Amino acid sequence: MEYLEIIGTIVGLIYLYLEYKANIYVWLAGFIMPAIYIKVYYDAGLYADMGINVYYLIAAVYGWIIWKRLKDNKSKTEDTNADIKFMPNKYLVPLSVISVAIFGIIGFILTKYTNSNVPWLDSLTTTLSIVAMWQLAHKYIEQWILWFIIDAVSCGLYIYKDLPFTSGLYALYSVIAIIGYYKWYNMSLISKEKYISNENIYINQIKKFSTLIICNGEFPKNNISKELIKNAEKIICCDGAADTAIENKIIPNIIIGDGDSISKQVQKNYSDRFIHIKDQENNDLSKAVNYCQEQNIDNIAILGLTGKRDDHTMANISLLNTYKSNIISVTDYGMFVTCKDNSKLSTYKGQQISILNYNATGLDSKDLKYPIYDFKETWQGTLNESIKSEIEIKAKGKYLVYLNF
């Protein structure tokens, strides 16, 4: 079946190029290539390699779905390599344990039940391939390190098994794995620098929001949120959000709410700053904002507005434009800005923007990709896009702008 090996080699080279470019069609090549090599490896008696190619078929479908989902969540103008990153440390120990277990199981099976004369080398490359394929599906840079080990070992193994074309392919793979590592590493740095640069657009503008309200939603970790916390002159926590704040070494000046979600210990330790309001008509965020307005505080930043509970998220977002204050709310994914009448907002080219209309009329814009009008439904103003570094919105009345990071 030498012709199959040659075809497999050609498809493998295409696969290698697409992987190097982080192109989603790598998964199409990644489906065709193992289908060919299942037959090649079976004839050569490399049963573990044959088995791993069945896994590759399934992994190719999985990888396509993951990458397609990531791609669909981004606009065509956004950096498609922004998801390339190093594997989080939390996966290191469990992945190592699982790898050792898989290596032992496959090695035992090959030794006991097959005529493979290199069972433990087969088991090693198979185990590392399983892990590397999973890392590739999640765009982890370390996958290139594993592929280098796999390719170097496989190169020698296929020479021993008298598969010269395949051996040559894996020798090339070994070299490209090194180049691929630095290529992906540099792409991740460029994406990170771009993200930080985009963050700085807002970090320079949030300093006037010296009063910070922390809600009991998903606590953001990005640099904009850290800057808000750093610059805050007054921090107000909505009830149970005080527990999260204190866990993150943030000491609130005020805790306000009905006391239904705050821990007894925190409530006791900070009883001198806890404002207990039983009112069930207003949620804790409204109570906090109303408190600010009573203190003549106008510029308010909010963290933890979204996440954990969908009903709370919907309620909090819908309430934003009912307040009289100027408000921004930052999450790990973007920022809400309350607007009234004509507004100018700093953005970056290609930034995804949504406009949620409340009662504004005469809506018009400058430097948005799609024209806006007097939206009657919430969804009608979503998924727009900035074409310059600043957009201008003309209107009379209130509306909410969401800027996707």
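The values are calculated or read from the model by the stated rules, or taken from the named source; none is laboratory data. Predicted model only: the values in this text are computed from it and were never measured. Cβ atoms come from the backbone with ideal geometry, glycine included; neighbour counts cover every protein chain shown.
Computed quantities for the displayed model
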read-out	value
Some residue of the stretch 251-273 being without any contact (Cβ under 8 Å) to a residue 24 or more places away in the chain, part of a strand (DSSP E or B) and either touching a strand residue (DSSP E or B) at 6+ places or on another chain (Cβ under 7 Å) or not assigned by TED's automatic domain parsing to the domain that holds F336 (or both)	yes
Which listed residue, of N222, N200, N186, N231, is modelled with pLDDT under 90, exposed (fewer than 15 other Cβ atoms within 10 Å of the Cβ), over 30 Å from T9 (Cα atoms) and not β-branched (V, I, T)	N200
Meets criteria (under 27 Å from the mean Cα position of the chain (by Cα) and assigned by TED's automatic domain parsing to the domain that holds I206) for S325	no
Tally of residues being part of a strand (DSSP E or B) and surrounded by 20 or more Cβ atoms within 10 Å (Cβ to Cβ) across the stretch 234-244	4
Selected residue (only one of Y37, Y17 is buried (at least 22 other Cβ atoms within 10 Å of the Cβ) and either touching a strand residue (DSSP E or B) at 6+ places or on another chain (Cβ under 8 Å) or in a helix (DSSP H, G or I) (or both))	Y37
Test result for T77, more than 21 Å from A132 (Cβ to Cβ) and modelled with pLDDT of 80 or more	no
Any hit, the stretch 307-319, residues being surrounded by fewer than 19 Cβ atoms within 10 Å (Cβ to Cβ), modelled with pLDDT of 90 or more and part of a strand (DSSP E or B)	no
Cβ pairs under 7 Å, 6+ apart, first in the stretch 285-299 and over 17 Å from A232 (Cα atoms), second assigned to a helix (DSSP H, G or I) and hydrophobic (A, V, I, L, M, F, W, C)	L285/L319; S286/L319
Subset of the stretch 86-119 [among the charged types (D, E, K, R) and at pLDDT 85 or above]	K90
Qualifying residue in the stretch 213-232 (condition: within 17 Å of V337 (Cα to Cα) and assigned to a strand (DSSP E or B))	yes
Subset of the stretch 344-395 [outside any strand (DSSP E or B), in contact (Cβ under 8 Å) with a residue 24 or more places away in the chain and touching a helix residue (DSSP H, G or I) at 6+ places or on another chain (Cβ under 9 Å)]	T347, Y348, Q351, Y358, N359, S389
Residue that is surrounded by fewer than 22 Cβ atoms within 10 Å (Cβ to Cβ), free of Cβ contacts under 8 Å to residues at least 60 places away in the same chain, out of contact with any strand residue (DSSP E or B) (no Cβ under 7 Å at 6 or more places or on another chain) and basic (K, R), where the choices are K340, K324	K324
Every residue from the stretch 274-305 that is crowded, with 18+ Cβ neighbours inside 10 Å, in a loop (DSSP other than H, G, I, E, B) and out of contact with any strand residue (DSSP E or B) (no Cβ under 6 Å at 6 or more places or on another chain)	N283
Near pairs, Cβ below 7 angstrom, 6+ apart or cross-chain, from the stretch 106-129 (of a type in the set (G, A, S)) to any residue that is at pLDDT below 85 and surrounded by fewer than 19 Cβ atoms within 10 Å (Cβ to Cβ)	S116/G45
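Every residue, every condition in (1) surrounded by 18 or more Cβ atoms within 10 Å (Cβ to Cβ); (2) not in a helix (DSSP H, G or I), yes or no:
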| residue | (1), (2) |
| --- | --- |
| I106 | yes, no |
| K112 | no, no |
| S116 | yes, yes |
| L169 | yes, no |
| L172 | no, no |
